[in-house]
Amino acid sequence: MCDFLESNRAEVKRFWRNEEDAFHLSHYFEFISGLESNHSAKEIEARTRDSIAGVHFCDVTRWRPTGGIFNDDDSEIAQKADVIITSLVFDVVAVDQKAFAAVLANVRYVHQSLPTPVVVMFVELSGAI
Ligand SMILES: C[S@@+](CC[C@H](N)C(=O)[O-])C[C@H]1O[C@@H](n2cnc3c(N)ncnc32)[C@H](O)[C@@H]1O
């Protein structure tokens, strides 16, 4: 799991480690449990926590010749990933179509090294891009 902001990564780490002061995400898991009627919210929460392999810095605007989207010491991250999922990031970061295409190109370097390259992207369709 990757994010640009240290504060967001810290929050995810608190959830991952199941710390007492972690933000309560239970309402999200209750919602998903309603969709997956054969799994309880607790099961889905545990499954989510277990599927996090690490929490890392990334900057999707960073072009490969200047180091790529990860820091150098995070170069093994792509090896841990089964799939790239971005949710409300590209459309937040990119201010126009050119920037959107550049962000996609940056992420494509990671995508290419996945064993089975898949990118799932959630974007706001009513936005300006
Ligand atoms: C609108 S939030 C979406 C959060 C979450 N993915 C979701 O779907 O609820 C946008 C996220 O993009 C991250 N972000 C902003 N600039 C970024 C960048 N250059 N590279 C990677 N992530 C970035 C922010 O830190 C924030 O977590």
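The values are calculated or read from the model by the stated rules, or taken from the named source; none is laboratory data. Note that the structure is predicted; figures quoted are calculated from it, not measured. Counting neighbours? That spans all protein chains shown, and the Cβs are built from the backbone with ideal geometry, glycine included.
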Which residues, counting only those in region 20-50, are part of a loop (DSSP other than H, G, I, E, B) and over 21 Å from the mean Cα position of the chain (by Cα)?
Glu20, Asp21, Glu36, Ser37, Asn38, His39, Ser40
Listed by first then second residue, the pairs whose first member lies in region 1-29 and is farther than 19 Å from Val92 by Cα and outside the structural domain of Val92 (by TED's automatic domain parsing), whose partner is within 12 Å of the ligand (Cβ to nearest atom) and modelled with pLDDT of 95 or more, with beta carbons under 6 Å and at least 6 positions apart or on separate chains, are Phe23/Glu11
Considering only region 79-91, I want to know if a residue exists there that is modelled with pLDDT of 85 or more, within 12 Å of the ligand (Cβ to nearest atom), part of a loop (DSSP other than H, G, I, E, B) and surrounded by 13 or more Cβ atoms within 10 Å (Cβ to Cβ).
yes
Test Arg9 against the criterion of being near the ligand (Cβ under 10 Å from one of its atoms), modelled with pLDDT of 95 or more and buried (at least 16 other Cβ atoms within 10 Å of the Cβ), and give yes or no.
yes
So Ala99 clears everything in (1) surrounded by fewer than 16 Cβ atoms within 10 Å (Cβ to Cβ); (2) in the same structural domain as Leu125 (by TED's automatic domain parsing); (3) not in a helix (DSSP H, G or I) except one condition, right? Which one?
(3)
For region 54-65, check the following and say yes or no: at least one residue is in a strand (DSSP E or B) and surrounded by 17 or more Cβ atoms within 10 Å (Cβ to Cβ).
yes
